[in-house]
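The values are calculated or read from the model by the stated rules, or taken from the named source; none is laboratory data. Computed from a predicted model, the values in this text were never measured in an experiment. Don't worry about glycine lacking a Cβ; one is built from the backbone with ideal geometry, like all the others, and counts go over all protein chains shown.
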Amino acid sequence: MARRGTSRTSRPIAHVSLVDRVTSELRASILTGEIQPGTSVSIVELCELYDVSHIPVREALRRLESEGIVSLRPGRSALVAALSADDLTDIYRLRRLIEGDLAVRAARQMTDELLAAAEEALEEYVAIEREPAALAAAHHHFHATLLADVMGAADKNVLDLLWHSADRYLHITMADLDHAPETKEQRIDEHRVLLELARERKGPEFKKAWLDHLNGSERSLMAALERREVSASA
């Protein structure tokens, strides 16, 4: 409701809240494996680590629980979710359903502006070597750009959650992924094919290539997860 006859003073708004910062820091520590899967984290220790009260820490943990990254426990701790083949399968099953639908619609109305932005994003992705955070960010930027005109708010919220979940597997299994030059080139070629099919506005072909790409990513991460589990049990 508008107010009349009142003077307004400048009230700067913080760009990132304390809860946002704690959430971001804690998420990064979990995604990179600094805090390992299956680890119990103490709220008291997190408060000391980030030099904050328990309120932003609890709220950050609630947010990460909604992403499936941690589960709050009775008392003053949380458990970092373990990695599992079933969880990875579920992530990619949902990604195929949502992204496949968006892909076929995106191809029908692809604009030259989006294609130019996607090409730039692909060049950035190709230039990155093995830094997981930068690699994941550039990879998602390329995909999100191609889907931008058909991705609604609900789609974006769900995909952000699924992409964060998939990123966790990428970060933690990075050392166990196949890094052969031909494998890297194949992944780059898959993205180039996507860009070319988008440029040609070939909806069914674009969707198939997109799903094939997701299937390949799932297989690579699943193989890396298995190698990681074998190494851990050796």
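Some notes on this structure:
- Selection count, the stretch 38-52, where residues are closer than 24 Å to residue 133 by Cα and touching a helix residue (DSSP H, G or I) at 6+ places or on another chain (Cβ under 7 Å): 2
- Considering the stretch 43-75, the residues that are in a loop (DSSP other than H, G, I, E, B) and free of Cβ contacts under 8 Å to residues at least 24 places away in the same chain include one that is surrounded by the most Cβ atoms within 10 Å (Cβ to Cβ), namely 53.
- Residues within the stretch 3-32 that are hydroxyl-bearing (Ser, Thr, Tyr) and either at pLDDT 85 or above or under 30 Å from residue 170 (Cα atoms) (or both), tallied: 5
- Residue-level analysis places residue 227 among those that are among the charged types (D, E, K, R), part of a helix (DSSP H, G or I), assigned by TED's automatic domain parsing to the domain that holds residue 121 and under 30 Å from residue 36 (Cα atoms).
- Residue check, residue 232 surrounded by fewer than 18 Cβ atoms within 10 Å (Cβ to Cβ) and without any contact (Cβ under 8 Å) to a residue 12 or more places away in the chain: yes
- Matching residues, the stretch 26-48, being under 18 Å from the mean Cα position of the chain (by Cα) and within 14 Å of residue 62 (Cα to Cα): 26, 27
- Just one of the numbered conditions (1) crowded, with 20+ Cβ neighbours inside 10 Å; (2) more than 26 Å from residue 87 (Cβ to Cβ) is not true of residue 200: (1).
- In the stretch 121-136, residue nearest to the chain's Cα centre (by Cα) [restricted to those that are farther than 21 Å from residue 108 by Cα and buried (at least 17 other Cβ atoms within 10 Å of the Cβ)]: 136
- Looking across the stretch 161-188, the residues that are within 21 Å of the chain's Cα centre (by Cα) and not hydrophobic (A, V, I, L, M, F, W, C) come down to 164, 165, 167, 168, 169, 171, 173, 176, 178, 179, 184, 187.
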